[in-house]
Structure formats: structure tokens, C-alpha cells
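Reading through the C-alpha cells given below for one structure.
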Amino acid sequence: MAEGLRLAASRHRDIDLDPSEFGAGFRIVPNQDDQTLLLDVYLYDTLSGGAGYADLAARNIEEILQQTLALLEQCPSHCEASCESCLRHYHNQYLKDRLDRNLGAELLRYALDGTLPEEKTPEAQANLLRNLRRLLELEGFNCESPATIDETTVPFVVGHSDRQVLVGLRPALLTPTWRDHSFGRLQAGTSTVVLNEFILGRNLPDEHQMVRGVVLGKQ
Ligand SMILES: [Zn+2]
């Protein structure tokens, strides 16, 4: 989100600079009033003493935030996380593996108007779960993705002997207690695992072990 902000600010029609003129970052600070945490996302002039561009950006911040959102949500190459068509450029090469435009967009939408991220379609979840499926198939588990159970589409179903586990994904920003997934009504008597989209992408081995444990009845 900070990198998107930096790019959008540098491209604003009243600013129009190389993105290296700006630095951007974030920090998490305690909110003195109510024990919650605040996320600060900031922009600054890289020139020592300041060139005044960050002030100019501040005066146009509403517009720049909308342009940041568009930049994050609409990659011309429709990439999965980030690419040279959207967020990546020469000056942020060192960050490229950490940039996730969809996650940044979800966070910015929430910051702008409180919109919570939505669950992806079962097909989109099945696609993101494909590597997990491959690992489980190699171990001989029965896998189906997506699967239809009682007329409800479930992103991924893993089975072993007479046991069946329903697997889905939740948007990364939602809490682990979120249980509003579309196949929730099937939950009675069935094991359900709802994985965090971001963690699945970053730490497949742990998520694999966890799902495997549930299928084998160890968790
Ligand atoms: Zn892209």
C-alpha cells in the first residue's frame, strides 16, 4: 500500500516526478485512547531538507488515494501479486517479493470507507489451493477442487479413508475467528479448515502439515 501510494503520488498531474523523489513506509503504533493499534502509512521527500513534494501530495491526498486504489486493483497485466506493469520499478526491486497489490488494495479500501474484504469465489479459492492439493495428492489423499456437496460448492475437499475435510480460504485481513464462509452451512458434523490466503502463499509447508493433521484426525 505504501509503495502504491508512492507511485500514485509521483504520477499525480500536479507532481509528475520520478518515484525516487519520494520515500514511503509504514509503522504500527499503539492508540493511546483504546488499546488498539494504528497503522501509519507515510510519504516523505527523499531530498534532505525536503523538496516540498510530500506537502504537495498531502494537499491532493484524496485524489492520490483513489489513484493508489486504482493502481493496486487494476494491473494491466492482471498479475497475482505484483509485476512491472503495476507496483514494481527500479527503485523498489529489493521489495519485489513482499509486494502484494491485492492485499494492499484490501487494506486501503478498509482504511478509506471500512469495506471488509470479500471471500473469493470457490473457483478462485480452488486455484489458490492448487499447490496444497498437489502435495496432498502426492501423499495419496483423495482430493477434489472445487467440489459440490449438497448443492454447495466447496473450494477443496480432502479425504482419507472415511474422513472428509472441507478446505477454504479467508481474506488475509479477516480474523482467524471469521466463520462466514460460503460453505459454512455444511459445517455440522464435517471438519472444516479455513486458511488465511496470505499465509498459504507464504508458508505452504506449515499449512500443508496442519491440513494433513486434520485429515488424519490428529488435530
Ligand atoms: Zn501487476
**Study point:** Single residue of Leu195, Leu200 found to be over 14 Å from Lys120 (Cα atoms), crowded, with 19+ Cβ neighbours inside 10 Å and of a type in the set (A, V, I, L, M, F, W, C)
**Key:** Leu200
**Study point:** Gly4 touching a Ser or Thr at 6+ places or on another chain (Cβ under 6 Å), surrounded by 11 or more Cβ atoms within 10 Å (Cβ to Cβ) and at pLDDT 90 or above
**Key:** yes
Check your understanding: Got at least one residue in region 165-175 being exposed (fewer than 13 other Cβ atoms within 10 Å of the Cβ) and either in contact with a His (Cβ under 7 Å, 6 or more places away or on another chain) or within 17 Å of Glu207 (Cα to Cα) (or both)?
Key -> yes
Review point. Does region 149-202 hold any residues that are polar (S, T, N, Q) and at positive phi, and which are they?
Key: Ser161
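The values are calculated or read from the model by the stated rules, or taken from the named source; none is laboratory data. Not measured: the values here are computed from a predicted model. For neighbour counting, all protein chains shown are included, and Cβ atoms are generated from backbone atoms with ideal geometry for every residue, glycine included.
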